[in-house]
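These notes are about the structure you will find just below.
The values are calculated or read from the model by the stated rules, or taken from the named source; none is laboratory data. These numbers come from a predicted model, not from an experiment. A quick note on method: Cβ atoms are made from the backbone with ideal geometry, for glycine too, and the neighbour counts reach across all protein chains shown.
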Amino acid sequence: METAPQTMKARAVIVPRAGEAPRVETIEVAPPGVGEVRVKILASGVCHTDLHAQRRHFGRSFPYLLGHEGAGVVEAVGDGVTDLGVGEHVMLNWRAPCHRCRFCRAGRPTHCERPRVAADARLKREDGASLGRVLGLGTFTTHTVVAAGQCIPVSPALSPLATCLIGCGVITGVGAAIFAAQVKAGEKVAVFGCGAVGLSVVMGAKLARAKQIIAVDRVAKKLEWARELGATDVVDASAGDAVAAVEALSEGGVDHAFEAVGIPETLAQAAQSCALAGSCTMIGVPQPKTEVALSMPHLFYKRLTLRSTFYGDCLPARDFPLLADWYASGELPLDRFVSERIGLEEVGEAFAKMERGETIRSVIDLREPS
């Protein structure tokens, strides 16, 4: 007879209060409840969203357990879990459709109003305080408890350092190109902002067989990365009029422009760079109360489509395995995204490197030494 899992200790990166530096603490992880699983984390990517959470740009659930790009191994399952087993390797997602709301019932699950985003509060500090978790996950830890629907099986033969990145930044960018904008072979694309999400758009556009992919950024290193990952042309936005440069390179504008920064200036530039009947897709997350001025005549006479995309308009159960297959085949070079492997204690410095534009992704490596 299998012994029921007990409360266990784990090491985790916690932010006690908004704006405070992240620190490693010992936490308590309760057994998984109904429909939940406990996951031993093998790897977790350090994303800008975690930095936003630390600074309280969203969420109020302090003390906070950071992290939301994770891959690991199922260690225990709660009652009612039938599609996952102990020892199964998984990627974690933070937005699985409910299959019950009006959008899900209408066949539009990517617009789900009530996505399954979290297990119950199973993680606590040693003083008994419940931990908030970034996007309902909390992956900067050796162990976490999540809803079973947040787990997507993945081959153990694939590196978790790479597959963990599918969980947010990569699916957001690749999905924006393939699922949201539906870039077609032979089309022209411009990507404004070449952080991890923008670089993922570049990879997605290449997968879609775009004819031209123009990467726009102010940081030379990011433009180098964009070329390595599939950009056919690059524009240094600090050197002059980025819109004019894109129009010249594309001979009149692009079919698809993507804004991956989240500020008014780049959204306006992206929209302005579109050709007749083009589309502009907003990916970057704006700060609250941000407003933008757009050229209404340009939108009108060019007959543009302006959209936003959330999580790459993906369905995790359908699309995570697809991206994992592309990684396995070499079509999605995720190993190139891993700029460095770090420990839990190095998250603060990883945030600083990310802000300085020195890394695509720092990845916390929690695998056992071989």
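Looking at the stretch 340-370 only, could you name the residues that are free of Cβ contacts under 8 Å to residues at least 60 places away in the same chain and of a type in the set (A, V, I, L, M)? Residue satisfying the conditions is A352 alone. Restricting attention to the stretch 29-85, the residues that are at pLDDT below 95, β-branched (V, I, T) and surrounded by fewer than 19 Cβ atoms within 10 Å (Cβ to Cβ) add up to 2.
What residue, of R38, R11, R55, is among the charged types (D, E, K, R), in contact (Cβ under 8 Å) with a residue 24 or more places away in the chain and in contact with an Asp or Glu (Cβ under 6 Å, 6 or more places away or on another chain)?
Numbers: R11 fails: in contact with an Asp or Glu (Cβ under 6 Å, 6 or more places away or on another chain); R55 fails: in contact with an Asp or Glu (Cβ under 6 Å, 6 or more places away or on another chain).
Only one candidate qualifies: R38.
Might you check whether a residue that is in a strand (DSSP E or B), at pLDDT below 90 and either out of contact with any Ser or Thr (no Cβ under 6 Å at 6 or more places or on another chain) or surrounded by fewer than 18 Cβ atoms within 10 Å (Cβ to Cβ) (or both) occurs anywhere in the stretch 150-167? For the stretch 150-167, residues in a strand (DSSP E or B), at pLDDT below 90 and either out of contact with any Ser or Thr (no Cβ under 6 Å at 6 or more places or on another chain) or surrounded by fewer than 18 Cβ atoms within 10 Å (Cβ to Cβ) (or both): absent.
Looking at V86, V74, which is the one that is closer than 23 Å to C314 by Cβ and either part of a loop (DSSP other than H, G, I, E, B) or not hydroxyl-bearing (S, T, Y) (or both)?
V74 is the lone residue from the list that is closer than 23 Å to C314 by Cβ and either part of a loop (DSSP other than H, G, I, E, B) or not hydroxyl-bearing (S, T, Y) (or both).
The set of residues from the stretch 340-361 being closer than 26 Å to K206 by Cβ and under 16 Å from the mean Cα position of the chain (by Cα) comprises M354, T359, I360, R361. Quick check on my filter: what residues within the stretch 92-122 are at pLDDT below 90 and aliphatic (A, V, I, L, M)? Passing the criteria: A96, V117, A118, A119, A121.
Listed here are the helices (runs of 4 or more DSSP H) enclosed by the stretch 191-309 that have at least 2 residues being surrounded by 20 or more Cβ atoms within 10 Å (Cβ to Cβ) and at pLDDT 95 or above: 196-207, 220-229, 242-250, 264-272. The set of residues from the stretch 183-202 being β-branched (V, I, T) and within 12 Å of G262 (Cα to Cα) comprises just one member, V197.
Here are T172, T144, T139: which of them is assigned to a helix (DSSP H, G or I) and of a type in the set (S, T, N, Q)?
So the residue among T172, T144, T139 that is assigned to a helix (DSSP H, G or I) and of a type in the set (S, T, N, Q) is T172.
Counting only strands (runs of 3 or more DSSP E) that sit completely within the stretch 8-55, those holding 3 or more residues that are within 16 Å of W94 (Cβ to Cβ) correspond to 36-45.
Counting only residues that are assigned to a loop (DSSP other than H, G, I, E, B) and among the aliphatic types (A, V, I, L, M), the stretch 320-370 holds 3 of them. Only one of the numbered conditions (1) more than 30 Å from L323 (Cα to Cα); (2) touching a Pro at 6+ places or on another chain (Cβ under 7 Å) is not met by G252, and that is (2).
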